[in-house]
Amino acid sequence: MQNPSAVLATTSLLPALLCSLALSQTDAPELTSIVQQVEKAQPENRPRAPYQVIRRYRAFGSNNGKITSEVVAEVDFQPPSSKSYVIQQWTGSRHGENVVRHILDHEVESQTKAAGSVAVTHDNYQFTYLGESAAEGQPCFLLGLTPKRKDKGLVSGRAWVDKSSYLIRQIEGELVKSPSFWIKKVHVTLDFGDVRGTWLQTAMEAVADIRLLGSQTLKSELVDYRSDAVVAERTPTLSRIR
């Protein structure tokens, strides 16, 4: 027979337990509200003036982590939605340059498509609230991302949403669709940040499982940003690092 005192003690705790649960639900941010703010922030912070960025790409082999190729690319943006690129320099394996060209071709193609097709929105993703975390020292909401369709530009993983601006600071996960038959899967980490008033991708790391070759890593970093005045005067160059 159950102890009456124990029953009384348990029932007396129920109001406090229910109250604490209610408070925790009230204090937790509403997922729908976060997603709505993210969807609002993205178009509001799209670049409205021409710019040019210089990126350095480095490819690493699977055996000893040695750099197998290095590519420097110039990427130009013209509003509202036009991108182009020039390979300025490359060294090492020609395969590395071809991989970078493939990535940049896809970036240019995605830019000219409807902007919302790969954006972090409810049209493209199902979201889950995972808690709070930090990216680049900034407090963020951490959201789970589940793509609603197979698209090379969508990632199954997580997104770090800046708590102040609701802009995406980082995305990490696997491409939901492989960009090539030769690539089994790709795990990516994309970093974003403010660069002289423009919200841009600042770094990338992609680890690909490639048939016959095994794991291959490609990293990119932004090494220079140029304003519209400089873009207007640019002269395309193509060379090889000596």
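Please treat every number below as a calculation from the coordinates, not as lab data. All of these numbers come straight from a predicted model, not from anything done at the bench. When we count neighbours, we look across all protein chains shown, and the Cβ atoms used for this are built from the backbone with ideal geometry, even at glycine.
Observations, loosely collected:
- 3J(HN,Hα) from dihedral phi, segment 43-54, Karplus parametrisation 6.51/-1.76/1.60, rounded to Hz, x for glycine, proline: x, 5, 10, 5, x, 10, 10, x, 8, 9, 10, 10
- Cα gyration tensor shape for segment 31-233, rounded if a/c is under 1.5, else prolate or oblate: oblate
- Charge sum, other residues only, whose C-beta stays under 13 Å from GLN170's C-beta, Lys/Arg counted +1 and Asp/Glu -1: -3
- Difference of contour (0.36 nm per residue) and Cα-Cα distance, SER81 to SER62: 3.2 nm
- Karplus-derived HN-Hα couplings along segment 159-171 (A = 6.51, B = -1.76, C = 1.60, θ = phi - 60°), whole Hz, x at Gly and Pro: 10, 9, 9, 4, 5, 8, 9, 6, 8, 6, 9, 7, 10
- Ignoring aspartates and glutamates fewer than eight residues from LYS150 along the same chain, the ones with Cα atoms less than 15 angstrom from its Cα are ASP123, GLU174.
- Cross-link pairs LYS83/LYS184; LYS66/LYS163; LYS40/LYS184; LYS163/LYS219; LYS66/LYS148 - those with Cα-Cα distance over 30 Å: LYS66/LYS163; LYS40/LYS184; LYS66/LYS148
- The alpha carbon centroids of segment 170-202 and segment 101-165 are separated by 8 Å.
- Of the trypsin sites (Lys or Arg not before Pro) in segment 52-132, those whose Cβ has at most 15 other Cβ within 10 Å and which sit in DSSP loop: LYS66, LYS113
- Long-range amide H partners of THR202 with built H, under 5 Å: ASP191, PHE192, GLY193
- Segment 42-107: C-alpha gyration tensor shape, a/c 1.5 cut-off, then a/b vs b/c: prolate
- Cβ crowding within 10 Å averaged over residues, with 220-227, 202-209 ranked highest first: 202-209, 220-227
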